[in-house]
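The values are calculated or read from the model by the stated rules, or taken from the named source; none is laboratory data. From a predicted model like this one, the values you see are computed outputs, not experimental measurements. Neighbour counts are summed over all protein chains in view; Cβ atoms, including those assigned to glycine, are modelled from backbone coordinates with ideal geometry.
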Amino acid sequence: ADIPLEKYDGTGTSNKPGAWVMALSPDEKILLIPGMVRGDIVRINTITHQKESYPASDARGTISAMRFRPENGDVIFADSQGISRISVGDQQASIMTQWCSRSVYSVEGISPDGQYLALVSYGLQGYVILLNINAGQIIGVYPASYVNHLRFSADGRKIFVMAKNGLIQLDRTRSLDPQAIIRHPQYGNVACIPEP
């Protein structure tokens, strides 16, 4: 039942073998993975195990997170340039938010409802940054060091973080002042909403 895939180039994935970012549709019939060619997204039918046509070269570089929005089937993904949405209707990708200051963050996850994105600041003493995807705004900042993995809870209200000293459970209602991070000389602003 294995599905053969081309060798993924692994750019920006810490040399992890194979595709390391996946998105499964709510009905579990479609699996999305980054393609062999940089910027391509491959759609796999989980029933027939066949690859299906999908908009190619939609991503601008390495995809770091992907997720279906359960209410409408749109796909949200983050890549080297920002956060984009592929709508179910026309299957075209449109950028929602661009990175203002991307070089100091790694994208770590998208909430189950596809509304929020979590970033982790590079460095030893860092932060988990929560973005509202639709607004392109920072809505939460939480201290966490040596983060190597995180997951949202099913309802999106908690963030479980694997950090240096073990598992941390972040309560989204207990954020630091986002303005303090936005004014931070090293981190600066994270996201910009594209001009209409």
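Of all residues in region 105-160, those being farther than 25 Å from Gly73 by Cβ and outside any strand (DSSP E or B) number 6.
Against the definition (in contact with a helix residue (DSSP H, G or I) (Cβ under 8 Å, 6 or more places away or on another chain), over 30 Å from Glu52 (Cβ atoms), of a type in the set (Phe, Trp, Tyr) and surrounded by 15 or more Cβ atoms within 10 Å (Cβ to Cβ)), how does Tyr105 come out, yes or no? Answer is no for this residue.
Number of residues in region 79-122 that are of a type in the set (Gly, Ala, Ser) and in contact (Cβ under 8 Å) with a residue 40 or more places away in the chain equals 9. Remark: pairs (first residue in region 129-155, within 21 Å of Gly166 (Cα to Cα); second residue among the acidic types (Asp, Glu); Cβ separation under 8 Å; 6+ apart in sequence or on different chains) = Val141/Asp177; Val147/Glu108; His149/Glu108; Leu150/Glu108.
Of all residues in region 41-94, those being of a type in the set (D, E, K, R), under 25 Å from Arg151 (Cα atoms) and either at pLDDT 90 or above or surrounded by fewer than 21 Cβ atoms within 10 Å (Cβ to Cβ) (or both) number 7.
For region 119-133, filtering for residues that are modelled with pLDDT under 90, surrounded by fewer than 20 Cβ atoms within 10 Å (Cβ to Cβ) and closer than 23 Å to Met66 by Cα leaves 1. Given (1) closer than 17 Å to Met66 by Cβ; (2) at pLDDT 90 or above, identify the lone condition not met by Leu167. Just one mismatch for Leu167, condition (1).
Answer yes or no as to whether Val107 is in contact with a Leu (Cβ under 6 Å, 6 or more places away or on another chain) and either under 22 Å from Ala163 (Cα atoms) or modelled with pLDDT under 90 (or both). Against the criterion (in contact with a Leu (Cβ under 6 Å, 6 or more places away or on another chain) and either under 22 Å from Ala163 (Cα atoms) or modelled with pLDDT under 90 (or both)), Val107 qualifies.
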